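To keep things clear, I will list the structure first and then write my remarks on it.
The values are calculated or read from the model by the stated rules, or taken from the named source; none is laboratory data. Here the structure is a predicted model, which is why all the values come from computation and not from measurement. Glycine gets a Cβ as well: all are built from the backbone with ideal geometry, and neighbour counts include every protein chain shown.
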Amino acid sequence: MARVYSHRMHPVLADCSAFSENNVHVFAWKCVVRLFISLLFAFRVLVFCAADFSLSSPSFKNARLRKHAVYFTTGVAGLMLLVCAFAYILLDTDKYGKIRSSFDKRPWRNMKSLFQRTEEEEVFVNFNAMKCPFTNNPVRGTCPICCSLTHKDGYYHGDPHVLHEFSSQIVEHEMAKEASAMDHKPVLGRIQLDTLIAYRANYLFATLSPSCKGCYYKTWCWNVGYRMTWQSAILGFNCMMCTYLFGEDIQIFYADLRAILFCMSMFFSVSTLYMLLALICTSVVFIYEHPHFMDLDAIPKFIDLKNNERVRSWVYWFADESARFGVNPTKSYWTVFYSKKEKEEQRRRR
């Protein structure tokens, strides 16, 4: 169990670990990757700006530069989309699909759901003797989705209502059907049905309703985030296809429409690959950091986090830092949109 707690750290201090002797190359490659992506887009915009400025008096050099830029953008965008499509296919196979299927049964449950409990099991539970499966701290509350008892650091406290309630959708349709069909406990079934209807996801701002850490990463990695990668891949492919429909004579702002579509195709294709890698690595880290209930065999053999320090560093770099054991998954980048009431609730939780 010592290995499980070895990576527990405050999220603010997570980036500081990159300066250690073992991870200094990871921090350097972080800067290289970010610089490469920035230069890639800067080069793409500058090339098309130069090509647009020469429309009135085109020359052979600018025409050749424009031609190479088109080939370069199409090649990069097409390659990124092919890699994403190949990853989508692998995640639907029996061998590599275990990364997804290992979350389906919610193995972190330390309490049976309302549908599975019998009258003999509905007795007083000694909360002081139970530990949170995500922090190993005393439990303080219950997850409304899986009924697990968790600590406040093992619970996702939700996002601002001003963003979350805008165009949100129900997530757990199957569980809602089970709750509506529960005849032996109709009152509890109705309560659970209302709870599941209130558990929503926003696919525009990537926000989720409150739940335990396990349910949050199950929904985020393989529902909300996974669906957003599909949307991004489709947008990138459509933008690349539309470049063959529009000519350079259609001007929008400083560039022609065809150039803008090329830039958008590269942006969505690169972001799709990055988001997909982040989701996969987050799931892998969550499985690896919680071996007492997650199946370590779900991690592919070539992702050797125990013996290969370089692979381990890269996987942890792409993954969400909150997927580690003992770290609260609640996000802080929406703090500006919290209302006064929500800020007061956050202060009470602390």
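Scanning the stretch 182-206 for residues that are within 30 Å of THR229 (Cβ to Cβ) and in contact with a Ser or Thr (Cβ under 7 Å, 6 or more places away or on another chain) gives ALA198, TYR199, ARG200, ALA201, ASN202, LEU204.
Restricting GLU174, GLU178 to those that are farther than 30 Å from SER332 by Cβ, within 25 Å of the chain's Cα centre (by Cα), modelled with pLDDT of 75 or more and part of a helix (DSSP H, G or I) reduces the list to GLU174. Determine whether LEU305 is among the hydrophobic types (A, V, I, L, M, F, W, C) and crowded, with 22+ Cβ neighbours inside 10 Å. No, not satisfied.
Being in contact with a Leu (Cβ under 8 Å, 6 or more places away or on another chain), in a helix (DSSP H, G or I) and at pLDDT below 90 is true for just one of PHE246, PHE237. Which residue is that? Walk me through it before giving the result.
Working: PHE246 fails: in a helix (DSSP H, G or I).
None of the other options fit; the residue is PHE237.
Taking the stretch 71-96, which residues are among the β-branched types (Val, Ile, Thr), in a helix (DSSP H, G or I) and over 25 Å from LEU261 (Cα atoms)? Within the stretch 71-96, ILE89 is the sole residue that qualifies. Looking at the stretch 181-212, which of its residues are among the aliphatic types (A, V, I, L, M) and in a helix (DSSP H, G or I)? Correct list: VAL187, LEU188, ILE191, LEU193, LEU196, ILE197, ALA198. With respect to the conditions (1) surrounded by fewer than 17 Cβ atoms within 10 Å (Cβ to Cβ); (2) over 30 Å from LYS105 (Cα atoms); (3) in contact (Cβ under 8 Å) with a residue 24 or more places away in the chain, PHE268 lacks only one, and its number is (1).
For PHE262, state whether it is closer than 27 Å to PHE72 by Cβ, of a type outside the set (A, V, I, L, M) and assigned to a helix (DSSP H, G or I).
yes
TYR244 meets each of the listed conditions (1) touching a Pro at 6+ places or on another chain (Cβ under 6 Å); (2) surrounded by fewer than 13 Cβ atoms within 10 Å (Cβ to Cβ) apart from (1).
On the stretch given as the stretch 278-302, residues that are crowded, with 19+ Cβ neighbours inside 10 Å and assigned to a helix (DSSP H, G or I) total 11.
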